[in-house]
Amino acid sequence: MITPGFRLRFGLGLILTSLFTAPCLLPAAPPQVADARSQTKNPDTTTAAAKHRNPRSHKPILFTWGGVVTTHPDGSLTEFAAANSSDSARGHALLQAVAAVQDGDHLDLSQGVFDIATNFICLSPPAGGAFHLHGAGKTETTIKRTSGNNAIIIPVSHSQTTDLTLLADDPRSTMCGWGLFGAISNIEDAWLQNVSISSWTDGIWFRGNVTLTANIINVSVFTRWDGVYICDVSRPTVVNFYNCDCVVTADTNVIDSVGQARCYLITGGTMNLYGCTGVATDCPRPRGGDSPDSMEFAYAVQSGVGRYNPGQAYLYGGSFQAKRPGEETPRPGREIDLFGGSSSARIFVSPTAIYTTFADALIPAPYPPGKITDIQWTVPELPPRSFPRPEIINKSISRK
């Protein structure tokens with residue numbers, strides 16, 4: 001089903017592809033913020049092995065107002081301290097750390113909000129490879145972006161984004177938290193773990209003729225359009241979600257007049273949902289009224305036929321619901337828990353998956369989705385670091 005809303009977003013995607021053919025070029029840091037202070041500490045090479053075993057080998061790093069510590073592959077540390085107590089100063093320190101990264105670096109952020117303004121972060125150093133971004137906890141560290149399109153964080157192969165919140169705070173843009181706009185390169189073995197994403201439009205977005213494999217673990221998504229939007233990617237594409245939850249509350253002021261709000265969308269490749277939940281809530285269209293046509297569409301999970309191949313979703317347990325605002329009864333054809341795109345773009349469910357309604361775009365009458373058996377699945381472990389995360393203290397927060 002192609003709607004004007006689909007065409008609008010497709011057009012935006014083409015525009016963004018042309019704008020971001022080299023998304024890893026990072027715009028300059030905001031000039032109005034005083035330079036962050038940086039300092040490099042080299043480990044004692046005679047005790048490097050002991051330091052690897054003992055997380056407290058390095059003394060705690062104290063920041064007056066927060067900052068970033070980069071752990072390099074050789075174990076040396078570089079500090080980037082915020083110049084004052086503002087969110088933008090912490091964001092400037094983060095952008096300075098990103099500008100200086102090398103392949104294999106781990107950037108550890110202190111507690112606090114890091115406002116990067118119109119900038120975005122691609123997890124690839126200028127010379128290639130990947131670096132990794134870690135916060136102090138899912139609710140302890142926030143990276144905030146206040147304007148612009150594309151994603152806040154653009155992952156690359158083997159990159160890790162963990163333990164923080166991504167806040168896309170611009171209702172006028174198509175900004176998302178984590179993803180890739182346009183056909184740039186293949187992404188293999190990307191990790192997103194213990195992260196919360198809040199966005200006016202989409203949370204996780206991938207689009208383009210790319211190969212994508214990723215593990216997304218314990219991620220919470222809160223949006224007003226789509227939660228996860230994986231569209232027109234090519235095979236082999238496998239995205240695994242473990243213990244994730246997605247809440248989409250459609251907003252008339254954000255989506256177009258005939259749009260669709262989905263928690264999880266796949267139109268190309270395979271999406272596996274292990275123990276995940278999704279709740280998609282409809283909203284009135286701008287013209288209002290009580291007829292079924294006065295409401296937007298809401299789906300908890302949707303599969304579809306993309307440009308290159310059909311998308312398929314496999315649901316192992318979990319709970320999925322599409323509903324109207326409040327406690328109103330869902331309208332048939334408007335709020336559907338599981339929505340299969342066609343006989344080739346299907347949704348498969350295990351016996352423990354909870355849902356009520358299912359429909360297909362090409363068959364008016366609902367029919368059962370494909371059946372799969374429950375399996376004993378385990379959450380994969382994040383690849384270990386060569387050196388542990390340093391102990392970082394933001395004194396302005398710890399004093400409170």
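A few remarks follow.
- Residues of the range 195-218 with amide N under 17 Å of a point placed 7 Å along Cα→Cβ from Thr139: 195-198, 218
- Per residue, the range 137-259 exposes 27 Å² of solvent-accessible protein surface, assessed with a 1.4 angstrom probe and all protein chains in place.
- Taking the average, over residues, of other Cβ atoms within 10 Å as the packing measure, peptides 116-124, 374-382, 139-147 rank 116-124, 139-147, 374-382 from highest down.
- FRET efficiency for the pair Lys371 and Thr211, taken as 1/(1 + (r/R0)^6) with r the Cβ-Cβ distance and R0 = 22 Å, rounds to 0.20.
- Heavy-atom surface analysis with a 1.4 Å probe gives the range 154-251 a carbon and sulfur content of 49 percent of its accessible area.
- Remark: relative contact order (the range 149-251) = 25 percent; criterion is Cα-Cα distance under 8 angstrom and separation of 6 or more residues.
- Per-pair calculated FRET efficiency, R0 = 25 Å: Leu62 and Glu381 via Cβ, rounded to 0.05: 0.20
- Calculated FRET value between Asp74 and Asp169, using beta carbons and R₀ = 35 Å, to 0.05: 0.40
- Rel. contact order, % - alpha carbon contacts under 8 angstrom, at least six apart, the range 84-192: 24
- Cα-projected label distance for Asn253 with Ser343, points at 7 Å along beta-carbon direction, nm: 4.6
The values are calculated or read from the model by the stated rules, or taken from the named source; none is laboratory data. In this text, all values refer to a predicted model and were calculated from it rather than measured experimentally. Cβ: placed from backbone, ideal geometry, glycine included. Neighbour counts: every protein chain shown. Please note that ligands, DNA and RNA were not included when accessible areas were found on the heavy atoms of the full protein model with its side chains. Shrake-Rupley method; radii C 1.70, N 1.55, O 1.52, S 1.80 Å.
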